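Quick notes on the structure that follows.
The values are calculated or read from the model by the stated rules, or taken from the named source; none is laboratory data. All values derive from a computational prediction rather than experimental measurement. Remember, those area values only see protein heavy atoms, side chains included, never the ligands or the DNA or RNA. Shrake-Rupley method; radii C 1.70, N 1.55, O 1.52, S 1.80 Å.
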Amino acid sequence: DRVIALFRYNGAPSDSTIVAALDRNTGAVLWRFAMGGAYPASAPVVLSDRVFVVSLAHDVVALSLTTGAKLWQADASDGSGGIVMDGITACDGRVIVPTGSGRVRALNAESGAVLWNSENVKLGSNMMLQCLHGTVLAYIGDLRILRASDGTRLASYPLRPFAAFIEGATREAS
């Protein structure tokens with residue numbers, strides 16, 4: 001019944017990054033959340049009743065899907081100061097983001113508490129991430145497959161540098 005959109009107005013005042021829920025049928029604004037000058041690193045993701053947004057400064061914000069109220073905010077960096085790009089995904093009660101130093105971090109979707117940090121996957125911070133059915137796919141020039149529950153590396157697959165995107169499909173074992 002709603003579409004979540006992110007707007008960044010360059011050169012605008014400090015209220016320049018907005019996350020909004022729009023009615024799917026009419027386009028009416030149901031709620032909006034101002035991130036201020038925080039520059040978004042990627043599109044918001046939705047998990048259950050929450051919307052998650054990550055900034056280039058590694059701040060992850062959880063919003064209520066229903067009201068847009070801020071539920072929690074967490075610093076997902078590890079002190080490295082790296083930049084996040086295309087770096088947020090969510091599944092299985094976890095929000096997954098790169099830390100900026102080549103690691104991947106999982107936060108509890110309910111509280112923002114750190115659940116795990118992966119080994120250094122040596123992919124830099126410019127990652128594309130997907131989380132599907134308990135598996136995290138992390139890509140930049142190389143594909144790493146991690147277990148979503150604890151960040152353990154399950155496999156690696158070398159790809160030529162700068163292959164455009166990853167898309168993943170996994171299926172539960174029967």
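Worth pointing out:
- Amide H contacts under 5 Å for L65, placed H, 5+ residues apart: R50, V51
- Long-range amide H partners of L115 with built H, under 5 Å: A106, L107, N108
- Segment 26-72, accessible surface, carbon-and-sulfur percent (1.4 angstrom probe): 58 percent
- Placed amide H near T89: partners under 5 Å, 5+ positions off or other chain: I96
- Extension gain from S156 to S48, taking 0.36 nm per residue of separation minus the Cα-Cα distance: 35.9 nm
- Accessible surface, segment 21-62, averaged per residue in Å² (probe 1.4 Å): 45 Å²
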